[in-house]
Amino acid sequence: MYLKSLEITGFKSFAKKASLHFNSPISAIVGPNGSGKSNAAEAFRFVLGEQSIKSMRGKRGEDLIFNGGAGPASSGGSAAGGRANRAGVKVIFDNAPESSGPNAGKRALNIDYDEVTIERVVHRDSSNEYLINGSPVRLKDISELLSGAHIGASGHHIISQGEADRILSANIRERREMVEDALGLKIYQYKKDESVRKLEKTEENMKSVESLRREIAPHLKFLKKQVEKVEKVQEMRDTLRGLYREYLKREEIYLKAERKAVDHEKQSPTHELAKLDHELAAAKAHLAESKNRDAKSDEVIALEGKLAGVRTHKDSVGRDLGKIEGEINAGIRAIQKERDKQARDEFKTIYLKDVEAIVHKINQFESMSDARALFAEIKNLFTGFINLHKHGGQGGAGMDIIGDIEKDIARLKQQKTELEAALSKASDDERTLTAEYHALREKIEREKDVDRDAEKNVFKIIARQNEIRGILNALRTREDKLVIEEEAWKRELQEAYAIVGREAVDYAGLEFAYELTAEGRSDRSPQDERRRQIEKIKIRIEDSGAGNSADIMKEFKEVEERDGFLARELEDLEKSRVSLIALIADLDARLDHEFREGILKINAQFQNFFSLMFGGGTAELVVVREKRRKKKSDTDLAAALDNDADAMEDAAAGADGEGEEEGREGIDISVNLPRKKVKALMMLSGGERALTSIALLFAISQVNPPPFIILDETDAALDEANSRKYGDMIENLSKLSQLILITHNRETMSRAGILYGVTMGADGASKLLSIQFDEAVRVAK
């Protein structure tokens, strides 16, 4: 695998599309300060997935996009280059299978393409797009793909400007991470981090499952109690089923036997009663033939009927007569009322004054003796006339009304006369029939003494009939009671079927004897006792409150299955947790083993490069543990309390003090310069630090060579002699990795096969010029 090309569009100062092809083991990028050389190195970081904008000398995502530039003065300051809306970087790798070596036939990148293109695009809103061979992917996909080839956005293979000293100035933990990345142990770290995340997720899931189990535990406990009730109810139903079967079977036997007994006992009295009825009819017929009493009785009855009819007719005629008399009196009153009204009216208008005058004159002549009798008679006549007209008279219309009423009165009087005649005749008939009735009754009474013996026999038959009817009534009462018991038995059948199911009424195969008392009668006491037991159990079932047992059992089964599922899930999660813990421990052990072996290999190369750069001396990486201070906790004091008094005093004295504890492992650098007693890194000069960092970086690259290395002005602090040593070192290193060098050093430039020059015009955009020395040498030859 090797790096084929880099394509930059709109990234930082590269306004237009710029392509760099890396066909030589060593490629150099040169140019004046500020021309945009380092932007090419940052383009590599960007496309490989760098997320820290600060490490690419920006604050926001839009800072990575070309922002336009000002034109020359002659143009009046107008924009020479337009502001870009996006920036994109594309890097192309040759991913053909290795032809030789331990990895022969394998691809460096785990993707089945001979050429792999990785592209990243950033927009003004800081959104990013990632593509592999033109297909959108996630950043994680790119990181995992590159990690298999020991490539990353930040690491030992990309040393930006001013970062050569970073490995020396970093703390021991950061230095360890750099070395692990260089040794290709990042993949183990990814796996470990992924396992830790899975472990945390598993523990969270375990807590969730435990929480769910705790949540359903009360409900499950409640359902268990309900199921226990249901089981008890089921036991009671089983007991009730047995009792029902025996009770219903015995009740059926009793009802059949009782029905048979009643039918048998009814036969004899029924036959005897029919016989007595026949005898009574014969006796009555004989009595009628011998005495003919029934005919006279019929005659008496007929007379009674006639007498009742005459009396009814008499009463009806009397009522009609009274009604007519009332109507006549009402008519007379109406005539009198009308006459009074007319008389008053006429008296007031005409006659009253004249008559009063005549009476006055007559009064004057009363003193005359000869005419006294005559005048007295005239006076009486007029006085009567005056009184008559004072109380009413007759008018024209009034006379018509009075005439109509008088006609009605005449008609009513005619009817009254007829009714009075009918009433008189009815009274005569009543007296005649009453006399006949009393005479016939007396005759019958006389004949009763003669018929007394015959009647005694009839009475005897009737008495016996009454006795037999009493017996039959008792049997009917018993039969009615039996009907009620049969209906109750049928209801019990239905209730038993509803409560305990069909088995309760499936008693056909049972056989029981008919229960009798010592006297041979039906014994109901055992059956009554069974009935009481059935009622008690039914009440207990009803009071149990078990509800619908099928629903409760179904819900309990579901909740129990849910709890069992959660228990199995918890068990699986526990197994996963144990497995992940073991995997993390295995990864830690493997990481530690390969890390320590890598440190030994790096130290060997570090010593060689250090001796080459400094002409002697020693240098090595040392694995150390971080020391940090901590306050003693209350736990330490509590532990001291359990020990002797002296330990307790020491713990109490140091309770507020601070102690030390060992932290994570890291890497320290130990150097010993020749002809100097300098061992600490802080005592090195700038040049010595540059040489040390270069020696260490090259040593790391020799142990686990990456596909390519980008060095941004790492040789800036070197003098001419050290530059030649630096040049020799990069030539040796180029045999293992492609080198892209950003430099101002002529010695370094001389070692490059391709030289790219970067310039920047007045428009603020970087432009590329290239010289291929290898091609020029071949042409020259």
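Data table
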item: Residue-level accessible surface for residue 685, protein heavy atoms, 1.4 Å, Å²; result: 60
item: Candidate residues 332, 468: accessible-area rank, largest first, probe 1.4 Å; result: 332, 468
item: With all protein chains modelled, accessible area of residue 130 [1.4 Å, Å²]; result: 30
item: Exposure ranking of 120, 339 by accessible area [1.4 Å probe, largest first]; result: 339, 120
item: 676, 538, ranked by accessible area, largest first (probe 1.4 Å); result: 676, 538
item: Segments 3-9, 49-55 sorted - mean Cβ within 10 Å per residue, highest first; result: 3-9, 49-55
item: Relative contact order (%) - region 134-251, alpha-carbon pairs under 8 angstrom, separation at least six; result: 20
item: Residue 416 accessible area, 1.4 Å probe, all protein chains in place, Å² to nearest 10; result: 60
item: Long-range amide H partners of residue 69 with built H, under 5 Å; result: 80, 81
item: Of 192/575; 229/538; 256/481; 314/416; 4/192, those spanning more than 21 Å from alpha-carbon to alpha-carbon; result: 4/192
item: Radius 11 Å from Cβ of residue 610, net charge of other residues (Lys, Arg +1; Asp, Glu -1); result: -2
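The values are calculated or read from the model by the stated rules, or taken from the named source; none is laboratory data. What you are looking at is a predicted structure, and each value in this text was computed from that prediction instead of being measured. Note that each Cβ is placed from the backbone with ideal geometry, even for glycine, and that neighbours are counted across all protein chains shown. What goes into the accessible areas is simple: the full protein's heavy atoms, side chains included, and nothing from ligands, DNA or RNA. Shrake-Rupley method; radii C 1.70, N 1.55, O 1.52, S 1.80 Å.
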